[in-house]
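The structure under discussion appears below in the form of structure tokens.
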Amino acid sequence: GQTLFDEYSKCCTLVVVVVARNAETLDMKSPAELESMHYNAALVNASRVDIVNEVTLLEILMKEWISGAAVDVFVKE
């Protein structure tokens, strides 16, 4: 569950998010959760765009809190 993500994201260098889009998963990854990821981590969001907030993800990338990201889609294609 959520506790496992929190625990593993602090030590893993690759985090892949693959979940269905529903009311429980919208903006599922908060800024604090993304900021707490390992500094050398890359995030792959293979889910819909609004599971991981793309504005927050961009801010975290620009601040170099994680090393990279890949997303399947953007809010505005």
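The values are calculated or read from the model by the stated rules, or taken from the named source; none is laboratory data. All values derive from a computational prediction rather than experimental measurement. Methodologically, a virtual Cβ is constructed for each residue, glycine included, from the backbone with ideal geometry; neighbour enumeration extends over all protein chains shown. All accessible areas refer to the heavy atoms of the entire protein, side chains included, with ligands and DNA or RNA removed. Shrake-Rupley method; radii C 1.70, N 1.55, O 1.52, S 1.80 Å.
I need every pair where a residue in the range 41-67 that is over 16 Å from Val16 (Cα atoms) and of a type outside the set (Val, Ile, Thr) has its Cβ under 6 Å from the Cβ of a residue that is in a helix (DSSP H, G or I) and open to solvent by 40 Å² or more (accessible area, probe 1.4 Å), sequence separation at least 6 or different chains.
Taking only residues 6 or more apart or on different chains, the pairs are Trp65/Glu35.
Please count how many residues of the range 8-54 are closer than 19 Å to Lys76 by Cα, over 9 Å from the mean Cα position of the chain (by Cα) and among the β-branched types (Val, Ile, Thr).
Residues that pass the stated criteria total 1.
Name the pairs: first residue in the range 6-22 and open to solvent by 100 Å² or more (accessible area, probe 1.4 Å), second residue at pLDDT 85 or above and outside any loop (DSSP other than H, G, I, E, B), Cβ to Cβ under 8 Å, at least 6 apart or on different chains?
That search, which allows pairs on different chains as well, returns Tyr8/Val15; Leu14/Ala42; Leu14/Val44.
From the set of residues in the range 31-46 that are assigned to a loop (DSSP other than H, G, I, E, B) and out of contact with any helix residue (DSSP H, G or I) (no Cβ under 8 Å at 6 or more places or on another chain), which is most open to solvent (accessible area, probe 1.4 Å)?
Taking the candidates together, the pick is Tyr39.
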